[in-house]
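Below is one structure; the comments refer to it alone.
The values are calculated or read from the model by the stated rules, or taken from the named source; none is laboratory data. On a predicted model such as this, the values are computed, not experimentally measured, just so you know. Positions of Cβ are generated from backbone atoms using ideal geometry, with glycine treated the same way; all protein chains shown enter the neighbour counts. Each accessible area value is taken on the protein alone, full model and side chains, heavy atoms only, with ligands, DNA and RNA left out. Shrake-Rupley method; radii C 1.70, N 1.55, O 1.52, S 1.80 Å.
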Amino acid sequence: MRLLGSIILLLVLGSALAYKSYSGYQVLKTAPLTPAAMPYVNRLSRRFDFWGTPGVGRPATVMVSPQDAPIVIAALNRMRISHEVMVADLGPEVERERAENEALRLALPRSPRVAAYDRFMEFEEINAHVLETVAANPDIASLVDLGLSTEGRELLGIKLSNGAAGQKSVWFDCAIHAREWIAPPVCLRIIDEVLADPALRDLADWYILPVANPDGYSYSHTDERFWRKTRRPNEGSSCVGTDPNRNFDFLWDGVGDFCSEVYPGSSAFSEPECGAIGNFVSSNADSLVLYVAVHSYGELILYPFGHTVEPVPNVDDLIAAGTASADAIEAVGGTRYSVENSAAGLYFTFGASDDYAYGIGAALYSYTYELSGGGSGGFNPPASAIQTVVDEVWPGLKTLVEYSLAN
Ligand SMILES: [Zn+2]
């Protein structure tokens, strides 16, 4: 008995030790950024971990380690970007959230065929849910097996269809950035809604990929809460992973440090997860009307392009559909999403998935949704907020689909 107790204690200690401590990490929050500040912020964001999408008129938040804090604070001071300490020590907050999630996981075991919205599901649970949903609804649902991640996890999407030939199609992916845990529940909610409503399946074929970066998502559960990238090792560096949302083969920009949170990879589509999505999007270009990547956070609906503020040809339609979506979200609980060109905030990006889908001509309507924040220093809402977020975002996504198919 004593031996068993010791083993359990060792296991608990072992798992606690494996999990990255954020003790002493701070979250800094700037004043709303001015256009003049943006070149500096763009440069800083290549080295330090900015959360959400920085932009003109919005405060930016950056997470800094104890070693980096003086460097970032000095840089912000030099650039005359005023800022405050939003979270003085992220460590206890991450530990508290982790304990809460673990307690919820034990208290609320997974119910087969039902998505959980009262806690964050782990990757294996989500994939099991996808497989069960397909098995239980053979006339409506089919598996979209996109292949394997670097570490061999299955990229399992789901297709929901009325079975008619020649349907238009819409695509949603969630959590291509690993730590954005609030995103997969949104994809799962879409699946629930489309399964339940034949009218939605008459609109289009729906493709949904609940976890677009399974290695990173799993790692953010087991090892590092704020892991963002993929988990493919980088040759010649101890820094692992690529920012998958800089790795798509559209205006891919190969400049970047391995250790950067926005490292674009060794080549376009170097990451199998991105290649799989890109391959699906390009090979379904004939039917695809709408592409949506769900991220967090910032309450933003972003449309192409990320590298320029030059308007794209159908910018009026993109704005009209995005605004209709934002109105539908606001109608639920008053949360206002802002509809913006990805580069309007003068934070420039290359190789993003929505720009790829739009840029190669696959989807005339293409968006990145940045959901609401909350929780650890503003980054991620707690489990208790999942239901609210999915309840308000779903009507917005439904409106977006209806608009983009009608126009
Ligand atoms: Zn993201």
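Details
- Taking the DSSP bridge list for the chain and keeping only pairs wholly inside it, about 50 percent are antiparallel.
- Cα lying deepest toward the dipole's positive end in the chain, options G334, Q167, M79, charges on Cβ: M79
- The stretch 121-182 - percent of accessible surface contributed by carbon and sulfur, probe 1.4 Å: 50 percent
- Rounded FRET efficiency, nearest 0.05, which uses the C-beta distance separating A324 from A165 and R0 of 25 Å: 0.30
- Filtered chymotrypsin sites (Phe, Trp or Tyr not before Pro), the stretch 57-139: DSSP coil and at most 13 other beta carbons within 10 Å: none
- Ordered from highest to lowest accessible area with the whole protein assembly present and a 1.4 Å probe, C174, C239 read as C239, C174.
- Within straight-line cross-link reach of K20, lysines at Cα separation under 25 Å, skipping those fewer than 8 residues along the same chain: K29, K229
- q = 0.08, 0.10 Å⁻¹, the chain: log10 I(q)/I(0) [Debye, one scatterer per Cα]: -0.41, -0.64
- Among F350, F280, F305, the largest mean-square fluctuation in a Gaussian network model of the chain, built with springs joining Cα atoms closer than 10 Å, belongs to F280.
- Whole-percent carbon and sulfur share, accessible surface of the stretch 272-380, 1.4 Å: 53 percent
- Part-to-part distance (alpha-carbon centres) for the stretch 164-203 and the stretch 218-293, which is given in Å: 21 Å
- Whether the stretch 148-197 is rounded, prolate or oblate, judged on the alpha carbon gyration tensor where a/c under 1.5 counts as rounded: oblate
- Among 81-88, 143-150, the peptide with the highest mean count of other Cβ atoms within 10 Å heads the list, and the full ranking is 143-150, 81-88.
- Ranked by the mean number of other Cβ atoms within 10 Å of their residues, highest first, the peptides 99-108, 196-205 fall in the order 196-205, 99-108.
- Residues of the stretch 270-407: accessible area per residue with a 1.4 Å probe, Å²: 31 Å²
- Surface exposure of the stretch 19-88, expressed per residue as accessible area with a 1.4 Å probe, stands at 47 Å².
- Under a 5 Å amide H cut-off, with hydrogens placed 1.01 Å from N, H295 pairs with Y369, E370, L371 among residues at least 5 apart or on other chains.
- Debye, to nearest 20: dipole size of the chain, +1 on Lys, Arg Cβ, -1 on Asp, Glu Cβ: 980 debye
- Across the stretch 395-405, coupling constants 3J(HN,Hα) worked out from phi with the 6.51/-1.76/1.60 Karplus curve, θ = phi - 60°, read x, x, 6, 4, 4, 4, 5, 4, 5, 5, 7 Hz, and Gly and Pro carry x.
- Phi angles across the stretch 357-367 convert, under the Karplus curve 6.51 cos²θ - 1.76 cosθ + 1.60 with θ = phi - 60°, into 3J(HN,Hα) values of 4, 7, x, 7, x, 7, 10, 6, 10, 9, 9 Hz, Gly and Pro given as x.
- Under 17 Å from the Cα of K159 - aspartates and glutamates, other chains or at least 8 residues apart: E132, D139, D145, D173, D192, E193, D197, D202, D205, D286
- Annotation: the stretch 272-381 has a Kirkwood hydrodynamic radius of 14.5 angstrom, from the mean reciprocal C-alpha pair distance.
- Taking amide H as placed 1.01 Å from N in the peptide plane, T34 has its amide H under 5 Å from the amide H of G57, each at least 5 places away in sequence or on another chain.
- Counting only protein heavy atoms and a probe of 1.4 Å, the accessible surface of the stretch 19-88 is 53% carbon and sulfur.
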